1. Which of the following residues is buried (at least 17 other Cβ atoms within 10 Å of the Cβ), in contact with a Ser or Thr (Cβ under 6 Å, 6 or more places away or on another chain), of a type outside the set (D, E, K, R) and at pLDDT 95 or above: A:Ile87, A:Ile99, A:Ile34, A:Ile81?
2. So is B:Ile37 at the interface with another protein chain (Cβ under 7 Å from one of its Cβ atoms), at pLDDT 95 or above and closer than 30 Å to A:Val243 by Cα or not?
3. Here is a list of conditions, (1) surrounded by fewer than 17 Cβ atoms within 10 Å (Cβ to Cβ); (2) hydroxyl-bearing (Ser, Thr, Tyr); (3) outside any helix (DSSP H, G or I), and A:Thr136 meets all of them except one; can you say which number that is?
4. Given the condition in contact (Cβ under 8 Å) with a residue 12 or more places away in the chain, surrounded by fewer than 24 Cβ atoms within 10 Å (Cβ to Cβ) and not in a helix (DSSP H, G or I), answer yes or no: does some residue in region A:252-270 qualify?
5. Within region A:488-498, count every residue that is in contact with a helix residue (DSSP H, G or I) (Cβ under 7 Å, 6 or more places away or on another chain) and either assigned to a helix (DSSP H, G or I) or crowded, with 22+ Cβ neighbours inside 10 Å (or both).
6. Only one residue in B:Glu168, B:Glu123, B:Glu128, B:Glu69 is among the acidic types (Asp, Glu) and assigned to a helix (DSSP H, G or I), so which one is that?
7. Give the residues of region A:131-180 that are within 12 Å of A:Ser80 (Cβ to Cβ) and of a type in the set (D, E, K, R), sorted by residue number.
8. Quick check on this structure: which one of B:Phe188, B:Phe136, B:Phe177 is in contact (Cβ under 8 Å) with a residue 40 or more places away in the chain and touching a Lys or Arg at 6+ places or on another chain (Cβ under 6 Å)?
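The values are calculated or read from the model by the stated rules, or taken from the named source; none is laboratory data. What you see is a predicted model, and the numbers here were worked out from it, not measured in a lab. We place every Cβ from the backbone using ideal geometry, glycine too, and count neighbours over all the protein chains shown.
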Amino acid sequence: MTNDQGQINMEHAHQERKWQDYFGFSTDHKVIGIQYLVTAFFFYLVGGALAEIMRTELSTPDPDLVQPEFYNQLMTMHGSIMLFLWIIPAGAAFANYLIPLMIGAEDMAFPRLNAVAFWMIPPGGIFFLSSFFVGTAQAGWTSYPPLSLVSGKWGEEIWILSVLLLGTSSMLGAMNFVTTIFKMRIPDMDIHSMPLFCWAMLATSALILLGTPVLAAALILLSFDLIAGTAFFNPAGGGDPIVYQHMFWFYSHPAVYIMVLPFFGVISEVLPVHARKPIFGYRAIAYSSLAISFLGLIVWAHHMFTSGTPGWLRMFFMATTMIIAVPTGIKVFSWCATLWGGKLNLNSALLFAIGFLSSFLIGGLSGVMVASVPFDIHVHDTYFIVAHFHYVLFGGAVFGLFAGVYHWFPKMSGRMINETWGRIHFILTFVGFNLTFLPMHPLGLQGMNRRVALYDPKFQAVNELITIGSYLLAVSTFPFMINIIWSVWKGQKASRNPWRALTLEWQTASPPIVENFEEEPVLWAGPYDYGIDTESLDGEETVDDMLAEVAGSK
Amino acid sequence: MQSSAVNNSQVVIDSHQAPEHHGHPDYRMFGVILFLIADSMTFIGFFAAFLIYRAIMPVWPPEGTPELELLIPIINTAVLVTSSFVMHKGQVALKNNDIKGLQLWFGITAAMGLAFLMGQGYEYFHAEFGLKTNLFASCFYVVTGFHGLHVTVGVLLILSVLWRSRTEGHYSSSSHFGVEAAEIYWHFVDVIWLVLFVLVYLL
């Protein structure tokens, strides 16, 4: 028996990572994580290119660069790609890469299912884009009927099938995350000594499992209306489009949290490490993720204040929506308190994390504004809304995503990133982002409608400014890509633990060996015990001593 | 001490039989339950849509909808509910290492599932309304059809358990994930049917 075990271990020791693994059906969670991340970044560039065409079009009030129909297609595909193929897969990328490493496991609970989930994304994305050949959907990422029933049948149907495929992928991923987090932690790690990223992924996965199937139900009914000629959502045949809106937003509001919660988790990891301080309010942050997740399921109709929603229902959804500001505020205050008085190392990861805090704060506050019914009725479907959700999804999710990329790049690639280029990337992104989306607030308040290629000429000056900002954002991706490619190629070799971090992923080699850890890792400190316990009383090693030791070893 | 050594060797043997799981304990049942929670949300979505239509339409079912025939659905309900118990007997038989018993009871369950599907098919062919007749008819076909799809999948799962049980030692009293997964799925489909029956036929 012992011999058998020994042989198995020997076989493991001989496994080596081959570059071909990244292009095949690998079941290694680290390979799958990278596959997710690279695929997501590819679609980020595609979705970004679509946005740049839109912004170029909007630099003049008349639809002169592209046809209005094509503008609608661009807008639909920009939204759908950025949500379903960029942010959600990017969150799954971090979850796949980090969860098993953080909890000391060898792999995910269901490695093959994990690979299947990833390999639904590239076909889904290609299918999505292929709809340009038959006339892409024009009804926006929300696909509200009856508009979606009258604007191009096959483009819309391709949109539906792609979303169903991508939704299935994210559900399979969520099953894996929950099982892994609950069942595969090393025995020493109880649920309250688990890194906060895992808490965030638990909350995210719960929303995916409860929300996505309802979207699937809505899209199946929409397909029947589109293809079979039923009238679930078609008022002409006795149906009711409002029912679609309810079903759609029951998923799609939680989807906002599905997109941002993983990056809340990333921020909770990045801040304490680079501020050299324990996280402020571990349990408060952990439980507020669950609270956001629960409340996120009962706020959906705040997207429908102008859809003839009865008054009492509006009041209910206004109240629940505003209550979400409480757990979110708890997080923001805890993060600020973590930074407060810390020994800040303003590297690219922390810069993006602070950029996240400031932009997400604006997005969160404008969220409370639009939660209020009287205000929302005025700004509904204006650029104020566009500004709001870009501050949440770009200023929140994407900044968090970049913070995570810079933070874990040494672990993922085994090499250090170039900090100068990282800081240039941050400055360009932060300036470009605010230049693009901040002026949209006043534009929306003055009544500029979203989702239309044509607008009142009096808005032209501000729109030109926004377009310049969006070009700056486009430019900002170049230092990032150059930096990543150059650092993977030529970057300085990273040690095991360059940031002197305490979570378990830093206890193994950079990049981690195929089976993650040489032996089962040991928890010798809480995940965020930085800067405390500097003097040891009983002659044992302090946390700082041990960190220095691990940081030294290759 | 002796007993713990036996347990250890048991664990090692299990890990050899399931190499794809790298020897860690079996979490597949947990995964199946998560899947069923998600799947139930799809049905809840359909049921919610159905209930909203019911609540907001001035006349429900819309005028001119013929009364639903109840005889076959009631028989179908009885068949499906009974089949859950029949199937459980198969699992109990397996726990006593009685493979023949498993095959017998699962065979009967599969037959009952097929009988249910035939009843459903009969109902479709003899219904006095089509998919597009009105909103109620569309709901009826989509909801029962989606459930029927699940019954079909359940029957296929049972048949694949039967197919695999021909290999000696594939299922035993200690290793029978496939049997349990098929069973819990079947119970799930059964419970969904009860809700569906009340909503669509009785209300």
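1. Numbers: A:Ile87 fails: in contact with a Ser or Thr (Cβ under 6 Å, 6 or more places away or on another chain); A:Ile34 fails: in contact with a Ser or Thr (Cβ under 6 Å, 6 or more places away or on another chain); A:Ile81 fails: in contact with a Ser or Thr (Cβ under 6 Å, 6 or more places away or on another chain).
Matching residue, one of A:Ile87, A:Ile99, A:Ile34, A:Ile81: A:Ile99.
2. Working: at the interface with another protein chain (Cβ under 7 Å from one of its Cβ atoms): yes; at pLDDT 95 or above: yes; closer than 30 Å to A:Val243 by Cα: yes.
In short, yes.
3. Of everything listed in (1) surrounded by fewer than 17 Cβ atoms within 10 Å (Cβ to Cβ); (2) hydroxyl-bearing (Ser, Thr, Tyr); (3) outside any helix (DSSP H, G or I), A:Thr136 misses just condition (1).
4. The answer is no; no qualifying residue exists.
5. 3
6. Working: B:Glu168 fails: assigned to a helix (DSSP H, G or I); B:Glu128 fails: assigned to a helix (DSSP H, G or I); B:Glu69 fails: assigned to a helix (DSSP H, G or I).
Result of the check over B:Glu168, B:Glu123, B:Glu128, B:Glu69: B:Glu123.
7. Hit for region A:131-180 is A:Glu156, nothing else.
8. Numbers: B:Phe188 fails: touching a Lys or Arg at 6+ places or on another chain (Cβ under 6 Å); B:Phe136 fails: touching a Lys or Arg at 6+ places or on another chain (Cβ under 6 Å).
Just one listed residue meets the conditions, B:Phe177.
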